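What follows is a set of notes on a single structure, which appears directly below.
Quick note: the coordinates plus some simple rules give every number you see, no bench work behind them. Owing to the predicted nature of the structure, the values given are computational and were not obtained by experimental measurement. Here the Cβ positions follow ideal geometry from the backbone for every residue, glycine too, while neighbour counts run over all protein chains shown.
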Amino acid sequence: MSQTVVVTGASRGIGLSFCRLYQSRGYEVYAVCRSASEELTSLGVHIIDGVNVTQSQGLERMRSVLENVSIDLLINNAGILRSEVLGDIDPDSIRQQFETNALAPLLVTEALMDGLAANAKVALITSRMGSVTDNTSGGRYGYRMSKSALNIAGVSLAHDLKPQGIAVAILHPGLVGTEMIGGHGDITPDQAAERLTQRIDELTLESSGTFWHSNGDILPW
């Protein structure tokens, strides 16, 4: 019996690469997105579109489609990046990033919690820009704050899900050349997905709640 993975933000970038990679590994792939791209549709995976992870109706649609599915791996990948500088702060932009980057992964995990299989894994795709120690350049207020919030949510999830045998990975993909950052990066989305998948494979209950770079380094909080 094949294993099942659910990927949010699946229509492009790292999410699309995750879908392609796990399909090649024989997984049943459920791709969650607002609207499916041609590339995603061409894979022939299970697509759950029309889902905005910041809205209750989107979460309910996702939950209802997956109601009878046993989930071995949940990858919370959906995220957005905006830019704010001191003196020109847009509070609505920051709120939107909090809702998408921090609150939505928590609510997605909660919505699908009853469907997580024994010994399932939950992966949160975060960023080292959420590290307080690593912040040496300032700026990017909404993104940094929202990813810090996601990181602490991941630690709490690791504690709360451990009694069920479910481990949580908190993962920084690296500087990936996705559309979100204009295509400029050190690695491609496919390379990022491969490295992140290695970290997920290595994840255990003992390492649950640790903040990892996709290259295997442990990152500072």
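A straight line joining the Cα centroids of segment 185-221 and segment 82-96 runs 29 Å. Largest mean-square fluctuation among Ser127, Ser207, Ser146, in a Gaussian network model of the chain whose springs join Cα atoms under 10 Å apart, belongs to Ser207.
Could you work out the equivalent-ellipsoid semi-axes for segment 33-74, taking the square root of 5 times each eigenvalue of the Cα gyration tensor, largest first, in whole Å? Let's see the in-between values first.
On the way: eigenvalues 65, 45, 12 Å².
Square roots of five times the eigenvalues give 18, 15, 8 Å.
Here segment 1-114 has an Rg and Dmax of 14.9, 56 Å, counting Cα atoms alone.
Quantify how much of the Cα-Cα distance distribution of segment 6-62 extends past 12 Å, in percent.
Values: 927 of 1596 pairs.
Percent of Cα pairs beyond 12 Å in segment 6-62: 58.
Of the peptides 64-72, 92-100, the order by per-residue mean of other Cβ atoms within 10 Å, starting with the highest, comes out as 92-100, 64-72. Please give the helix 141-161 orientation as an angle from the longest Cα principal axis of the chain, in degrees from 0 to 90, rounded to the nearest 10. Helix 141-161 sits at roughly 40 degrees to that axis. Distant-in-sequence amide contacts of Arg82, defined by a placed amide H-H separation under 5 Å and a gap of 5 or more residues or a different chain, comprise Tyr143.
Each label was represented as a point 7 Å from its Cα along the Cα-to-Cβ direction; for Asn215 and Lys162 these points are 2.9 nm apart.
With N denoting the number of residues in the chain, provide Rg(C-alpha) divided by 2.2 N^0.38 Å, to two decimal places.
Values: Rg = 16.2 Å, N = 221, 2.2 N^0.38 = 17.1 Å.
Compactness ratio reported: 0.95.
Working out 0.36 nm times the residue gap between Ser35 and Val85, then minus their Cα-Cα distance, what length gain in nm do you get to one decimal?
Result for the pair: 14.9 nm of gain on full extension.
Segment 24-55 to segment 103-117: how many Å between their Cα centroids? Comparing the Cα centres of segment 24-55 and segment 103-117, I get a distance of 17 Å.
Note: relative contact order over the chain, using C-alpha pairs below 8 Å and six or more positions apart, is 18 percent.
Go ahead and estimate [θ] at 222 nm for the chain from helices alone: -39,500 (n - 2.57) per DSSP H run with n ≥ 4, summed, over the residue count, rounded to 500. Walk me through the numbers before you get to the answer.
Numbers: 7 runs with 79 residues, N = 221.
Counting only the DSSP helices, I get -11000 deg cm²/dmol.
Multiplying the residue separation of Val69 and Gln198 by 0.36 nm and subtracting their alpha-carbon distance yields 44.0 nm.
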